[in-house]
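Working notes for the structure below.
Rule-based calculations on the coordinates, nothing more; no lab input. The model shown is predicted, which means the values in this text are computed figures rather than measured ones. Ideal geometry is used to build each Cβ from the backbone, glycine not excepted, and the neighbour counts take in all protein chains shown.
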Amino acid sequence: MQRESDASVTNRSADMQLPQTIEARNPGMALDMDWVMSAQANTSAIERRAGSIGARRSLKKDHQAAWLLKAITMIDLTTLAGDDTPGRVRRLCAKARQPVRPDLLDALGVGPITTGAICVYHEMVPTAVEALVGSGIPVAAVSTGFPAGLSPYRLRIMEIGESVKAGAREIDIVISRRHVLTGDWQALYDEVREMRRECGDAHIKTILATGELGSLRNVARASLVCMMAGADFIKTSTGKESVNATLPVSLVMMRAIRDYFERTGIRIGYKPAGGISKAKDALVYLALLKEELGDDWLTPHLFRFGASSLLGDIERQLEHHVTGQYSALWRHAMG
Amino acid sequence: MTVKDIFETMEWGPAPESDGEAQAWLDARERRFGLFIDGHWTEPGETFESRNPGNGEVLAHVTQAGADEVDAAVRAARRAQPKWAGLSGHQRARFLYALARLVQKHARLFAVLETLDNGKPIRESRDIDVPLVARHFYYHAGMAQLQDAELPDRGALGVAGQIIPWNFPLLMLAWKVAPAIAMGNTVVLKPAEYTSLTALLFAEICTEAGLPRGVVNIVTGDGQVGAAITAHEDIDKIAFTGSTEVGRIIRKATAGTGKSLTLELGGKSPYIVFDDADIDSAIEGLVDAIWFNQGQVCCAGSRLLVQEGIADRFHAKLKARMAKLRIGDPLDKSIDVGALVDPVQLDSVTRMVEAGKGAGEIYQTPCTLPNRGCYYPPTLITGLAPSDTLMQEEIFGPVLVATTFRTPAEAVEIANNTRYGLAATVWSENINLALDVAPKLAAGVVWINTTNAFDAAAGFGGVRESGFGREGGWEGLLAYTKPKGKTRPLSPITAFPAPAQAKVDELDRTAKLYIGGKQVRPDGGYSRAIWSPKGALLGHAGLANRKDARNAVEAARAATGWAKASAHLRAQVIYYIAENLAARAEEFASRINRMTGKRGGAAEVEKSVERLFTYAAWADKLDGAAKPVPLRGTALAMNEPVGVIAAFCPDEAPLLGLVSLMAPAIAMGNRVVLAASQPFPLAATDFYQLLDTSDVPPGVVNILTGFHNDLAGTLAGHLDVDAVWAQSGADISSLVEHESAGNLKRTWVNNARSRDWFGAEGEGREFLHHATEVKTTWIPWGE
């Protein structure tokens, strides 16, 4: 991701830029409560759309292979476990550098690719940064009392600074769900804005924990507030909630992003996380992305999968594409 | 393109569905088809081409049936019918179940064949049409199973002639065939000329299911075949889905033949978006509303009404969505919009849009259309007014026309400003608003925050010129059953003639017409003396003419409050009429006795009081239903009044006959124009005094006296009358049905048969059915 000096959160018109290949960062804007409160999300209709996109857009053969390769470049390869060790993280980083067997890439005629990022807890950041030197792969750190976000506010803010100092270029923060559940949008806005400021040059992904927000309408409104506060990405879940990324939630968040773009000219990234483990699912997400947001978003700058086991399934599908035979997991290097 | 190229561009690619199996199926039949009559295939005769509209290629040669073959099919159906109806419901259920299973087993063949023949995207035929077909047979297998227990008083109609359209060839077949055969009818079905193939495949699975021969007969061909079915004397029922124009022809052709008729016709259904709607979802809904099946859907949400404050933003977002639609090869799984059914249809759509140019602003999906085949780009025309032709006429293509409104009341007004009344869609996140608007829309189906939702359990059908009758649900069975009760030939009653020597002892009493709550003199200024059999002058009755009929309809139309009055209030008013009638029982009894020269007056009055009680009771008890549709939510079937009903009362029971028609109608919230017993009108004119004292609001009941033959044409032809009931002693059934074609109003005629007005068949659910329209309101929910 591009580094750029932190634009202070000001009125949106001040920092409007024309669309460009590498996105301008979102400067944020003043909290617009009229806009927030006018956001609606009709669950049944959203489910109908989400339920039919897979059947409406089918990808076959070379197109499927190319899209799956693209999906790999969008993966935030993630380990967020209590038993993470430097060895485990180094292994994951090695996989991020070379996510697909070279012979398969050769057969597909596509040059070396990497995953979008490595995503770890703060303590693992230095290890990951070191392991990824020269690869261009950024390290993302989950932060702010991940996953519940209920540690002391001051410490949550400090945690961001520590991770940035340790070399994280992307910070995945968790919002205070209680602000959404109690309708305290101002508090949510203030919180995210301060976190954004603390991130400095590092990009901020705001995790909504959509599975805990109670309604799609809340997801839509929280998405808007986070973008107004300066989020570079909005992200569904920590992966620790009982319900993580879903297509209906993704549709709501993508539409919020589209709305924000239509009104400000700023493109915000989207990251569904948790529960996406099949190549077929990844294709459906990308199809939805292309349909709802358009080709501009089909880049790791604006879209990431938060996933740990997705890559393995994609590798198997790619081998099937190359050989015509169904593959096995153990034929592909583990991360 | 290499993988690397695609990796960069991230383009969609082709995702073709193979048509190998379907082509092989056609080849195996040498691409020539005969007719399916009496369980056998006839040799192909004179044939016509069935083409693939996606590329213009000839798929098969299909036989043009002649009158003899239609006759053979009807005879086969007639022969098979008694035995088929004689099976137990369970035995018939097993056959329907087998058909459902076979549709599922051959699902992909049906889907691909349908797409080849019709041009609809394979995703739709595969994911929507064919599953709904299977569902319809499953559902009606259940109806056959339950028939004996749940519908003991109703039996099969006999032989049904069914004529279906080309937009949903197999699905419309299922909607017609499943309820018909479930209830013990046999059928002669004609698929549309453009799209016969899936019906022919269906004929094969009838054989596989072991269906007794003659139960389902399929004859192919053009409109002449349809006309031959319509005209055939040995058919008991015609069910038609298609254009309003042809529906009107069929209405006239079947008038007076005694054939039962249901029509599912055109539409120009409104799609209303309020400013508190989930706008993105409402826009996505439009994709399912007007770009589903290339807009060739009778209930397509083709008239977009957006609240003014959000209109610009809505239209901008809609255009952005349209730009994403993919148009092309219907067999491609990733195509949103396929081919129109035929070059004729493409030409029709093109010409209509061309003719409408000048009004409004046109946006079309930027796309390259295939070189061959019948393709038309998704089109939006904004800035139209209700007075523009394109806002009124059905286009039947992927063309959405749009206007704006200011308030909910204006939305309803614009929505209802149409000759049609099939479906309507409402988008709002406000439950109060949505549920307030839905009942006000002139439509048989209303979708709230969804659109084009269908299910076998939910009734489908229209009001106004969109036709009459419902398909699906319990209400759909009424179209394929009739009461088991016996009728007998009507014996005309002539008024008693003036005696040579008149006896006039009483002070002159002037009976007038009763219109809008007032007693008015007949416009023409003519009256008729009413004599007793003994030659006593009983009084004079006015002879109502065209203008009186017009005035009565206007008064009825104006009495809008009655439909909104609570059922409890309507019940109270009807009880009050009964109370007042009971108080004057002797007077009414004596009047009846003197008019008829019989002694049944007291019994007739007593029965009339009882009948009023019956419908006062029913007023708040004809429950609607919450349909268990496959949706998180419900589809409410609500009974609404038909509107303004003109009823010709029977001759023989001057008071009871009138009460038997008036009471169910007003109990359900209708307003009525009653033509009193022709020979014995004075019970009716006495009766209006009761109405005056019973809190019946002006205009709810209007009473005309005079000659039924004179009034029938006027009232049946009146375009602001919603239904005509002809239970007259005069032979007006044919006239009423024929004249009703103007606005395709519902009719209920006696076909010169009489019923026992004193018995059970003189009241009950049959009457209530004719007094109500079932409106199905789909209400998905979920937060």
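Ordered by the count of other Cβ atoms within 10 Å of each Cβ, fewest first, B:K486, B:K333, B:K120, B:K518 give B:K486, B:K518, B:K333, B:K120. Divided by 2.2 N^0.38 Å, where N counts the residues, the Cα radius of gyration of chain A comes to 0.95.
Electrostatic bookkeeping for B:Y576 treats Lys and Arg as +1 and Asp and Glu as -1; over the other residues with beta carbon under 12 Å from its beta carbon, the sum is -2. Please report the base-10 log of the normalised intensity I(q)/I(0) for the range B:331-463, using a Debye sum with one equal scatterer per alpha carbon and no solvent, at each q in 0.17, 0.22 (1/Å). Log10 I(q)/I(0), no solvent term: -1.10, -1.37.
For the residues of A:63-72, the average number of beta carbons from a partner chain within 10 Å of their own beta carbon is 5. Each residue of the range B:472-489 was assigned a 3J(HN,Hα) from its phi angle through the Karplus expression (A = 6.51, B = -1.76, C = 1.60, θ = phi - 60°), giving x, x, 4, 5, x, 6, 4, 6, 10, 9, 9, x, 6, x, 8, 10, 10, x Hz with x at Gly and Pro.
Rounded to the nearest 5, what is the percent of antiparallel bridges among the DSSP beta bridges in the protein assembly as shown?
Details: 42 of 130 bridges.
For the protein assembly as shown, the DSSP antiparallel bridge percentage is about 30.
On the principal axes of its alpha carbon atoms, the range B:437-477 extends 28, 23, 14 Å, with the longest extent given first. In the range B:577-646, the alpha-carbon atoms span a convex hull of 131 Å³ per residue.
As a ratio to 2.2 N^0.38 Å, the alpha-carbon radius of gyration for the range B:59-150 is 1.36. Here the convex hull built on the C-alpha positions of the range A:263-314 has a volume of 78 cubic angstrom per residue. Look at where the Cα atoms of the range A:99-164 and of the range A:218-239 average out, and the two centres are 20 Å apart. Each Cα pair under 8 Å and six or more residues apart adds its separation to the average, and for chain B the resulting relative contact order is 12 percent. Shown for B:D347, B:D38: other C-beta atoms within 10 Å of each C-beta, ranked fewest to most, produce the order B:D347, B:D38.
Counting, for every residue in B:273-281, the Cβ atoms of other protein chains within 10 Å of its Cβ and taking the mean gives 6. Note on the range B:267-345: Cα-Cα pairs beyond 16 Å make up 55% of the total pair count. Dividing the Cα radius of gyration of the range B:364-414 by 2.2 N^0.38 Å, with N the residue count, gives 1.47. Cα extents for the range A:185-335 along the principal axes, largest to smallest and rounded to whole angstrom: 55, 33, 30.
Per residue of peptide A:289-295, the mean number of Cβ atoms on other chains within 10 Å of the residue Cβ is 3. Across all Cα atoms of the range A:132-256, the radius of gyration (one decimal) and Dmax (whole number) stand at 13.8, 45 Å. Taking amide H as placed 1.01 Å from N in the peptide plane, the amide H of B:K627 sits under 5 Å from that of B:A635, B:L636, B:A637, each at least 5 places away or on another chain. Its Cα gyration tensor gives chain B an equivalent ellipsoid, and the semi-axes of that ellipsoid, as √(5λ) in whole Å with the largest first, are 50, 31, 22. For B:L674, the amide hydrogen comes within under 5 Å of the amide hydrogens of B:A647, B:N702, B:I703, B:L704, counting only partners 5 or more places away or on other chains and with H modelled in the peptide plane. Taking the convex hull of the alpha carbon positions in the range B:507-605 and averaging its projected area over all directions gives 8.0 nm². Charged neighbours of B:N743, selected by a Cβ distance under 14 Å, balance to +2 (K, R count +1; D, E count -1).
Using the per-residue mean of other Cβ atoms lying within 10 Å as a proxy for protection, in what order, highest first, do the peptides B:529-541, B:293-305 fall?
Numbers: B:529-541: 17.8, B:293-305: 27.1.
Most protected by this proxy first, the peptides run B:293-305, B:529-541.
Considering the protein assembly as shown, its Cα convex hull presents a mean projected area of 48.1 nm².
Spatially, the range B:652-727 and the range B:441-514 are offset by 12 Å when compared through their Cα centroids.
Ordering B:T404, A:T323 from the fewest to the most neighbouring beta carbons within 10 Å gives A:T323, B:T404. Binning the alpha carbon pair distances of the range B:510-773 at 10 angstrom intervals from zero yields the distribution 8, 32, 38, 17, 4, 1, 0, 0, expressed in whole percent.
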